[in-house]
Amino acid sequence: MNLLRFRVIIDIEDDVFRDILIDRTSSLEDLHRGILAAFDFGEGEMASFFQSDEDWGRGREVPLMDMGTDDQGNPYPSMRTTAIEDLTSAANDRMVYVYDFLRMWCFYVEVIGVENGESPEFPLLAQEFG
């Protein structure tokens with residue numbers, strides 16, 4: 001299996017990050033749940049992933065919620081229907097993850113490694129700091 005090792009850094013003054021190992025074919029919803037578990041956040045708030053560039057600019061958005069279909073009947077992407085590899089799959093690829101739109105928790109998510117191995121059942125917390 002091709003696994004991605006993500007470094008997830010929360011945007012606060014202290015240095016706090018988690019490394020999460022997950023199969024590249026898993027959904028963004030799986031990564032969302034892995035991030036929440038790694039940082040001890042509860043579920044129940046709105047969230048989105050944004051494809052990002054090297055300056056952490058926000059590009060294409062993939063929300064947690066299903067937003068229905070466009071005028072032609074094509075479904076909008078959601079975390080449940082979008083694989084991680086659809087937004088990022090190579091070392092140094094980046095995403096911005098925003099959780100709880102009232103408090104605006106912002107996380108910087110970067111692929112720091114591509115590994116071969118057996119896919120964990122749930123996103124695996126590989127390292128934590130802070």
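The values are calculated or read from the model by the stated rules, or taken from the named source; none is laboratory data. Quick caveat: nothing in here was measured; it's all calculated off a predicted structure. Cβ placement follows ideal geometry from the backbone for every residue including glycine, while neighbour counts extend to all protein chains displayed. Only protein heavy atoms, including side chains, enter the accessible area calculation; ligands, DNA and RNA are left aside. Shrake-Rupley method; radii C 1.70, N 1.55, O 1.52, S 1.80 Å.
Here are some notes:
Condition check ((1) among the acidic types (Asp, Glu); (2) in contact with a helix residue (DSSP H, G or I) (Cβ under 8 Å, 6 or more places away or on another chain); (3) at pLDDT below 95) across all residues:
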position	(1), (2), (3)
32	no, no, no
47	no, yes, no
73	no, no, yes
80	no, yes, no
90	no, no, yes
97	no, yes, no
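- Scope the stretch 73-91; condition surrounded by fewer than 16 Cβ atoms within 10 Å (Cβ to Cβ), part of a loop (DSSP other than H, G, I, E, B) and free of Cβ contacts under 8 Å to residues at least 24 places away in the same chain; matching residues: 73, 74, 76, 91
- Residue check, residue 69 of a type in the set (Ser, Thr, Tyr) and modelled with pLDDT of 95 or more: no
- Per-region count, the stretch 102-118, residues assigned to a loop (DSSP other than H, G, I, E, B) and touching a strand residue (DSSP E or B) at 6+ places or on another chain (Cβ under 8 Å): 2
- The set of residues from the stretch 1-32 being assigned to a strand (DSSP E or B), open to solvent by 40 Å² or more (accessible area, probe 1.4 Å) and of a type outside the set (S, T, N, Q) comprises 5, 7, 9.
- Residues that are hydrophobic (A, V, I, L, M, F, W, C) and either within 23 Å of residue 91 (Cβ to Cβ) or more than 14 Å from the chain's Cα centre (by Cα) (or both), drawn from the stretch 46-70: 49, 50, 56, 62, 65, 67
- Of all residues in the stretch 99-130 being in contact with a Phe, Trp or Tyr (Cβ under 7 Å, 6 or more places away or on another chain) and within 20 Å of residue 46 (Cα to Cα), the one that is most open to solvent (accessible area, probe 1.4 Å): 105
- Condition met for residue 60 (at pLDDT 95 or above and open to solvent by 40 Å² or more (accessible area, probe 1.4 Å)): no
- Meets criteria (open to solvent by less than 80 Å² (accessible area, probe 1.4 Å), touching an Asp or Glu at 6+ places or on another chain (Cβ under 9 Å) and without any contact (Cβ under 8 Å) to a residue 24 or more places away in the chain) for residue 70: no
- Leading residue by the ranking (surrounded by the fewest Cβ atoms within 10 Å (Cβ to Cβ)) among those in the stretch 33-52 that are closer than 12 Å to residue 87 by Cβ and not hydrophobic (A, V, I, L, M, F, W, C): 51
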